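The numbers here are math on the coordinates, done by the rules we state, and not lab data. Worth saying up front: this structure is predicted, and the values here are computed from it rather than measured. Quick reminder, even Gly has a Cβ in these numbers, built from the backbone with ideal geometry, and neighbours come from all protein chains shown.
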Amino acid sequence: MQVLVTGGAGYIGSVLIPMLLDKGYEVKCLDRFFFGKETLNDVISNPNLELIKDDIRWFNPKILKDIDVVVDLAALSNDPSGELDPAKTFDINYLGRVRVAKLSKEYGVKRYILASSCSVYGFQDVILDEKSPTNPITAYAKSNLMAEKDVLQFSGSSFTVTVLRQATVYGLSPRMRFDLAINGMVLGLFKNKKIPVMRNGEQWRPFIHVKDTSKAFLLVMESSEDKVNGETFNTGSNNQNYQILPLAQIIGEALPITLKIEWYGSSDKRSYRVKFDKINKTLGFKPDYTPKEGALEIYEALESGRVTDSIKTKTVEWYKHLLNIYATVKDVAIRDTIL
Ligand SMILES: NC(=O)c1ccc[n+]([C@@H]2O[C@H](COP(=O)([O-])OP(=O)(O)OC[C@H]3O[C@@H](n4cnc5c(N)ncnc54)[C@H](O)[C@@H]3O)[C@@H](O)[C@H]2O)c1
């Protein structure tokens, strides 16, 4: 069985692809490699892996021939990066992903899974399930929601479409991201002996370990069509909804450093508490990891020097850097090779 993973060299993809290869799948990874392809170094020599450097906005659809499943992860992957150039965010995160889904159907791919986000719920006081109203606040969240709506319309008897609204991810990955809440807390404590906490600390967020969210993609791929076709699943678990300040205290307790809080930012408008009953009851999904375990593995990796906080680990900083280069180049053909 052949799987195409877009954005496969990213934070989630570089954890998911080794899992797919371990299970014997043949994998094609379509990625611009904005963060490099060395994130897949551990599996690069696997004969079942093929890397394709291309863009979801303009790749040649012939690569979809003989693909059974598409896992569509490619995107500008957080709110601040999405705000740098909202038009580009819509082009990639909305139009680009709808293009992938449409072409997948045309080329006879059987399944398509969209990596969306619980950020589509925005700021809401109630506990949210898949039927709750959405309230996307940022260009990132809006493009996720627009992509969800359009790709679900392609679903039919010969094309299974599923949307996974992932919680905020944490844990160690070959493409490390310290812009994610738990990962950033661990880095702060490791480097400055202080946990950065966004004001006012009462905002709710759901979380999921990167290996668990990867497991969810696998589970959806392998579930019977009638359970997943045309469906949207919040991806996480009820007991990993946290308010940010108590979460910082949990992370602090997990690590061998005395906890000190460093407040930053103005009051976070994004607060959401999410119900994950559907993925649990329909597919039996349960996470294997907790924030404590995720924090500890990151701390140990930082301590041993296996991981550092280079600019590429701060997603928005890296995209800002690429956009600065983009702005200095006049030739359109070359500009497109930058971002
Ligand atoms: N990490 C999280 O907490 C989280 C939570 C919810 C949803 N998501 C979604 O999951 C997906 C994967 O997230 P991630 O954390 O692995 O992000 P990431 O930034 O680490 O990876 C995204 C990958 O997509 C590639 N890419 C970006 N634009 C591209 C384009 N136009 N064409 C081809 N490749 C392109 C990048 O090079 C990168 O390798 C994204 O859609 C993200 O929005 C992530």
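Annotations for the structure displayed:
- Angle in degrees between helix 97-106 and the longest Cα principal axis of the chain, rounded to the nearest 10: 30 degrees
- Between the residues 289, 196, 250, the greatest Cα displacement towards the positive end of the dipole of the range 2-335, with unit charges on the Cβ of Lys, Arg, Asp and Glu, is found for 196.
- Label point at residue 267 placed 7 Å out along Cα→Cβ; residues across the range 120-146 whose backbone nitrogen lies under 15 Å: 123-125
- Estimated from helices alone, the mean residue ellipticity of the chain at 222 nm is -10500 deg cm²/dmol (sum of -39500 (n - 2.57) over DSSP H runs with n ≥ 4, per residue).
- C-alpha long axis of helix 291-304 to longest principal axis of the chain, angle in °: 80 degrees
- Percent antiparallel among DSSP beta bridges (both partners in the range 105-243, rounded to 5): 20 percent
- Most fluctuating residue given options 322, 103, 152, as computed from a GNM of the chain linking Cα atoms under 10 Å: 322
- Ellipsoid semi-axes in whole angstrom, largest first, where each is sqrt(5λ) of the Cα gyration tensor of the range 55-141: 27, 17, 8
- Of all DSSP beta bridges in the range 1-70, antiparallel share, percent nearest 5: 0 percent
- In the range 2-335, taking the dipole from charged Cβ atoms about the Cα centre, the farthest positive-side position among 271, 21, 168 is held by 271.
- Ranked 332, 210, criterion: other C-beta atoms within 10 Å, fewest first: 332, 210
- Rg over Rh, two decimals, the chain (C-alpha only, Kirkwood Rh): 0.94
- The longest part of the chain holding none of the exposed loop trypsin sites (Lys or Arg not before Pro), meaning those outside H, G, I, E and B in DSSP with at most 13 other Cβ atoms within 10 Å, is 194-259.
- For the chain, share of DSSP beta bridges that run antiparallel, in % to the nearest 5: 10 percent
- Relative contact order (%) - criterion: Cα under 8 Å, at least six apart; region: the range 2-335: 18 percent
- Dipole magnitude of the chain about its Cα centre (Cβ charges: Lys, Arg +1; Asp, Glu -1), debye to nearest 20: 440 debye
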